[in-house]
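Shown next, in structure tokens, is the structure this report addresses.
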Amino acid sequence: MAHMTESEDTELEEFFAAARQAEPPPSPAFLGRVLADAADQGYGRAAPAPARSDVWARVRTALRSIGGMPGVAALAVCALFGLGLGYTGQSGLDAITVLGQELDAGFDDYAVGGFDTSELEG
Amino acid sequence: MPDADAATDAEDDALIARFAAGDQAAARVLTARLAPGVLALARRMLRDAAEAEDVAQEAMLRLWKIAPDWQAGRAKPSTWLYRVAQNLCTDRLRRARGTGLDAAPEPVDDAPGALDRLITADRAAALNAAMARLPDRQRLALHLRHFDGRSNIEIAEIMEVSVEAVESLTGRAKRALAGMLIAKREGLGLG
């Protein structure tokens, strides 16, 4: 196809200019939808604090993982037993300490009586 | 104006970063700067106002979604956006042709009427009708050049072709338009 002449080019440009002027602007409804999409992304929005019901849900989940209320009861009994053992263990420890001291004294008697130190003297 | 273009791109990059940080005012500025051009491109390609709005909204949505990962200086925001819109338009045109909804090669129905409107000097309508008869890629290249004011280099980036291919597309498109509009105008005694 032959090249366009300068006058054809100029004339065509007049058509383009007319069409550019006639270009309708975007409708407010369209722009509103675009901006709504932007807002929906939620960038920069702080993560919401967990609701109270969420906290209880987490507690319930944790309890369920240890066997529910029977599990909690068993855990409580074990804890009380441990505390009791702690108190009674204190007196038991004293008895062991006294016994240890007695044994220690007996060993001293044996050591003194067993050796005749006069044989070592010149 | 390469410096002005570079400044505009840098501004768009900064606006995208601000939007990703939660600044909705930045989204409003980006919408005002970019959405009209994307919408005009989609209108030109699809020739259906509602479909064009859907495509332009989808293209802008993709920009919103990619904003947190946007790498400033890598791609020009407007070029990236126009490429997305072009691909969305191409998909819709292919689907429409594939389902036979737009089986006719070009919408010639309104062309004679629009061309006749040259009598009342309605050049805009005549040009739009004539452009609708161009092949998709010629129409896109011509739109980007004469309606969006893009350089051949930018058009090549958007269409992912060489600059020579862009020159060829716009050259053929303009000759076809001249054949449809100017010859008809002279035939109507308006030359």
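Where a number appears in this text, it was derived from the coordinates with a stated rule and is not lab data. A quick note: this is a predicted structure, and the numbers were derived from the prediction, not measured. Positions of Cβ are generated from backbone atoms using ideal geometry, with glycine treated the same way; all protein chains shown enter the neighbour counts.
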Taking r as the C-beta separation of B:D136 and A:A22 and R0 as 22 Å, the FRET efficiency to the nearest 0.05 is 0.50
If the chain between B:S168 and B:T8 were fully extended at 0.36 nm per residue, the gain over the current Cα-Cα distance would be 54.8 nm
Under the Karplus relation with 6.51, -1.76 and 1.60 and θ = phi - 60°, whole-Hz ³J(HN,Hα) for the range B:154-161, x at Gly and Pro, equal 5, 4, 4, 5, 5, 8, 6, 9
Per the rule of 0.36 nm per residue minus the C-alpha distance, extending B:S151 to B:A32 adds in nm 40.7 nm
